[in-house]
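Structure, as structure tokens:
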Amino acid sequence: MKKSEILSGLRGRSLLRDVDLTKEEFIGLLDLGERLRREKWSATEKKFLKGKNIALIFEKSSTRTRSAFEVASHDQGAHVTYMGPGETQLGHKETVKDTARVLGRMYDGIEFRGFAHHDVELLAEFSGVPVWNGLTDQWHPTQLLADMLTIRDHATKPLEQVALTYVGDARNNTANSLLCAGALLGLDVRIGAPIGLQPSEDVQLIARRLAAHSDARILITENAQEAVANTDFIYTDVWVSMGEPTDSWAERIKLLLPYQVNEDLVKASKNPDVRFLHCLPALHNTDTDVGAELNKKCGVSALEVTDEVFESKTSIVFDQAENRLHTIKAVMVATLAGA
């Protein structure tokens, strides 16, 4: 099937989970994101979304996701309405189903960043327009599109030959999406995490089913050194949530310190060209309010990644952050215009 046919097949569809896409569709979005990035850089970008209206619903605050959706929309000629935390009646005075039916009559597409995955499913079912998951408690598909474009940018081999390792707290949306997207695309994907913080059995089952068709290799282990051995990319995410009581931080940090991405763990990869990924924000020093509080309460100057690694040539996190813009733009263009 031609690339244009693959992308036209996405028109009118929602993106709620990474596994909503076929391998060919996922790669097609990466190719489109790369093309749109090249056109933006050369000031030759066409406006496929001129006259479209986009609703951005954020139950959680955001830097990269909001910026990427807003700039992508403006670049493409669309208009956006931002609805921040507490600015809609969604689930409070009005059901998600009713909100979806209202917004679907006013907007051409809806982005949702929130908590319950069921909410984004209801928006997609009842709005009648494409809905894009900017993050829910279970999945983070727009992040993984950016991640895979970044990996492809920096890899010296085809994606199917790339080894990608996630270490740390792996019971979250980013780790779920990474495991399943890696399995979908046929990567050598590893998770290094304590047993209680590994992806759920349901998510692991989805990944293993995908791997059976893609020849992906999957490793889930408690041993961080085993997980990073000969890997090409090391990925981590935050260990503590700002919604959790601070008295739980010390226990969590003690459990996860063996999985900190520091110089020793990077060296354990035995790959001088290994690269570091993080979806951001990262707690890599004490220069933030949260970092300073963690240092005061728990005596640590960094959590999931040290400042030495974060600021080193190994780190490609800002390429990764920029690619949120280009891949999110690709999703909107493909689902609204089929281009």
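Every number here is computed from the coordinates shown, using simple stated rules; none is lab data. Fair warning: this is a prediction, and the values are worked out from it, not measured in the lab. Every residue, glycine as well, gets a Cβ built from its backbone with ideal geometry; the counts of neighbours run over all protein chains shown.
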Tensor-based shape of the range 49-111 (alpha-carbon gyration tensor, a/c under 1.5 rounded, otherwise prolate or oblate): oblate
Spacing of the two label points (7 Å from each Cα toward its C-beta) at residue 322 and residue 43, in nm: 1.7
Degrees between helix 289-298 axis and first principal axis of the chain (Cα, 0 to 90, nearest 10): 30
Fully extended contour minus Cα-Cα distance, from residue 213 to residue 230, at 0.36 nm per residue: 3.7 nm
Residue 71 paired with residue 195, simple spin-label distance in nm, labels 7 Å along Cα-to-beta-carbon: 4.4
Nearby aspartates and glutamates by direct alpha-carbon distance to residue 296 (threshold 18 angstrom, same-chain neighbours under 8 apart not counted): 244, 247, 251, 287, 304, 307
For 41, 139, order by how many other beta-carbon atoms lie within 10 Å, fewest first: 41, 139
Helical contribution to [θ] at 222 nm, DSSP H n ≥ 4, -39,500 (n - 2.57), averaged over the chain, rounded to 500: -13500 deg cm²/dmol
Cα centroid separation - the range 1-45 against the range 200-241, whole Å: 25
Potential lengthening between residue 87 and residue 22 on full extension [0.36 nm per residue; Cα-Cα distance subtracted]: 19.9 nm
With Cα atoms, 0 to 90° folded angle of helix 317-336 axis to the chain main axis: 30
Ascending count of other beta-carbon atoms within 10 Å, so fewest first, for 184, 32: 32, 184
Relative exposure of 332, 106, 83, judged by other C-beta atoms within 10 Å (fewest first): 106, 83, 332
Rg/Rg_ref, the range 107-146, where Rg_ref = 2.2 N^0.38 Å and atoms are Cα: 1.09
Hits among lysines - C-alpha to C-alpha of residue 329 under 21 Å, sequence gap 8 or more where chains match: 2, 3, 23, 40, 46, 47, 50, 52, 60
Projected area, mean over directions - the range 270-339, Cα convex hull, nm²: 7.0
Paramagnetic label zone (point 7 Å from Cα along Cα-to-C-beta, residue 263; backbone N under 13 Å) in the range 274-308: 306-308
Qualifying trypsin sites (Lys or Arg not before Pro) for the range 293-339 [loop in DSSP, other Cβ within 10 Å: at most 11]: 313
Rounded if a/c under 1.5, otherwise prolate or oblate - the range 124-276, Cα gyration tensor axes: oblate
For the range 67-124 and the range 271-339, distance of Cα centres in Å: 25
Using alpha carbons only: equivalent-ellipsoid semi-axes of the range 194-289, gyration tensor based, whole Å: 25, 20, 13
Ordering of 52-62, 285-295 by packing [mean C-beta count within 10 Å, highest first]: 52-62, 285-295
Principal-axis tilt of helix 64-75 within the chain, Cα atoms, nearest 10 degrees: 30
Residue 106-residue 293 pseudo-label distance in nm [points 7 Å out on the Cα-to-Cβ vector]: 3.4
Net charge of neighbours whose Cβ lies under 11 Å from the Cβ of residue 321, counting Lys and Arg as +1 and Asp and Glu as -1: -1
